[in-house]
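One structure below.
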Amino acid sequence: INRFIKVDFQGFVKIIDMIGGIDLFIERPMHYDDNWGKLHIHFDPGQQHLNGKKALEYVRFRADANADLGRVKRQQRFIAAVLEK
C-alpha cells in the first residue's frame, strides 16, 4: 500500500462534514440500539443524505444477517461514494 490515511471516529465525522456529507441509497432497514455503548443506528430504505455522524453509523452497522461481511460491503459502497464526490 503506497498511500493511506488513518483517522479516529471524530476525524471521520469531521471529514465527511467538511465535504458536505454523502448521498447513498439504503437498501434495507438498518436498526440497532446499544444503550451501554451509546450507539443508536436507525435507517429506513431509500435515498439518504448522510452527514458525518450518520455516515459513521452507516459504516459501523453490522446487526443484520450478513454481519461483518455486510458491513464490509457497505463500507466499500461508502468509499466509492466518497471518491465519486
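The values are calculated or read from the model by the stated rules, or taken from the named source; none is laboratory data. Owing to the predicted nature of the structure, the values given are computational and were not obtained by experimental measurement. Note that each Cβ is placed from the backbone with ideal geometry, even for glycine, and that neighbours are counted across all protein chains shown. Areas reflect the complete protein model, heavy atoms only, side chains present, ligands, DNA and RNA absent. Shrake-Rupley method; radii C 1.70, N 1.55, O 1.52, S 1.80 Å.
Would you mention how many residues in the stretch 40-55 are surrounded by fewer than 16 Cβ atoms within 10 Å (Cβ to Cβ) and in a helix (DSSP H, G or I)?
1
Being hydrophobic (A, V, I, L, M, F, W, C) and in contact (Cβ under 8 Å) with a residue 40 or more places away in the chain is the filter; apply it to the stretch 17-39 and report the residue that is surrounded by the fewest Cβ atoms within 10 Å (Cβ to Cβ).
Ile19
Looking only at the stretch 62-85, how many residues end up being open to solvent by 60 Å² or more (accessible area, probe 1.4 Å), more than 19 Å from His31 (Cα to Cα) and without any contact (Cβ under 8 Å) to a residue 12 or more places away in the chain?
Number of matching residues: 4.
Of the conditions (1) open to solvent by 60 Å² or more (accessible area, probe 1.4 Å); (2) within 11 Å of the chain's Cα centre (by Cα), Tyr58 fails just one. Which one is it?
All conditions pass for Tyr58, except number (1).
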